Amino acid sequence: MITSNFHHKKHYKIQQYSKKILYTSLILTTGFALLEYIGGIISNSLALLGDSFHMFSDVAALGFSLIALIYSAKKPNKHYTFGFVRLEVIAAFLNGLALIIISIYLLYEAIMRLYNPRDIDFKTMLMISTVGLLFNIVITIILTKSNYLSLKKEDNLNIQSALWHFLGDLISSVGIIISSTIIYFTGYIVVDIIMSIIITIILFRGGFKITRSSYIILMEGTTLNTTEIYEKIGEIEGVANIHEFHIWHTDTNETNAAMHILLNEYSINKDYTIVENIKVLLEKKYGIEHCFVALENTSFNKH
């Protein structure tokens, strides 16, 4: 009988600490996103409205991350033998797409307001943006501390991505306060449009990076130099041929490798030594801890 004692990877994560942090962040962020959205409508500030969309994207990111985290704790079953950890990647992909769509919409709105400018309620804009700045400072401090602890306890990248989201929000809040102050003293409403475009660029850049990274994982791709890895394995003594060679990322933490190997000659002791040499190379030099190597012999295996 095969037991789980010989299994190298569990394919699930228990992350209670990270779950509490995400719950808290989700509740606080949802409340403030609604406040900014209402404030943006009342004040007619596109920059404030744009930042509220940024905050809603954070709500979506945290929500997706929380759902993925809950499901990633489920153990593999007969239908999902790799478990549900990859839901974290799907969540990131959807969040990245949302950021891109929102940024395109905000750019459209900014262009329209260049032709049809609107009066802006300075007091409401400044009040909401100041509250936003204080909120983002507090939540960033909380997540910075939580990020350090989660790295030590659970190594959860959702907490790290949330932290970077709020650092972006912090910058946006500072920008809105600056633009509202300039509008107050100069009356140049176009500053609000310029600031909204800057926020749009931040949104698009973040969305593109998230979408690209998650797309690579979902397509079972890799950012590693596979040509170099292939050549290094081929230099190992005893290896005659490498085929069915695959390297892919299963999530943001793990990279897998699989390959079929033909040897110059076969013996039980040498076979296992060569396999071990391949695994050590992949782990030490490229950080690939999960590797499947199938030895094939043309005397027995049809090619």
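A few points about this structure:
- Label-point separation in nm, Ile42 to His246, each point 7 Å along Cα→Cβ: 5.6
- Gain in span if fully extended, Tyr188 to Leu295, counting 0.36 nm per residue against the direct Cα distance: 31.4 nm
- For the stretch 256-303 versus the stretch 182-243, the gap between their alpha-carbon centres in whole angstrom: 32
- Backbone N within the stretch 79-118 under 17 Å of label point (7 Å from Thr226 Cα along the Cβ vector): none
- 5 angstrom amide H check on Glu289, placed H, neighbours 5+ away: Thr255
- Solvent-accessible area, 1.4 Å probe, carbon plus sulfur percent, for the stretch 48-134: 71
- Two-site FRET efficiency, Glu254 against Leu114, from Cβ-Cβ distance with R₀ of 41 Å, rounded to 0.05: 0.30
- Rounded to whole numbers, the Karplus 3J(HN,Hα) couplings from phi for the stretch 287-299 are x, 8, 8, 10, 9, 10, 10, 9, 7, 10, 10, 5, 6 Hz, using 6.51 cos²θ - 1.76 cosθ + 1.60 with θ = phi - 60°, and x at Gly and Pro.
- Cα→Cβ-extended label distance, 7 Å offset, between Glu237 and Phe82, nm: 3.6
- Here the relative contact order of the stretch 17-94, from alpha carbon pairs under 8 Å that lie six or more residues apart, stands at 26 percent.
The values are calculated or read from the model by the stated rules, or taken from the named source; none is laboratory data. Source: prediction; values computed, not measured. Every residue, glycine as well, gets a Cβ built from its backbone with ideal geometry; the counts of neighbours run over all protein chains shown. Heads up: the accessible areas ignore ligands, DNA and RNA and are worked out on the full protein's heavy atoms, side chains in. Shrake-Rupley method; radii C 1.70, N 1.55, O 1.52, S 1.80 Å.
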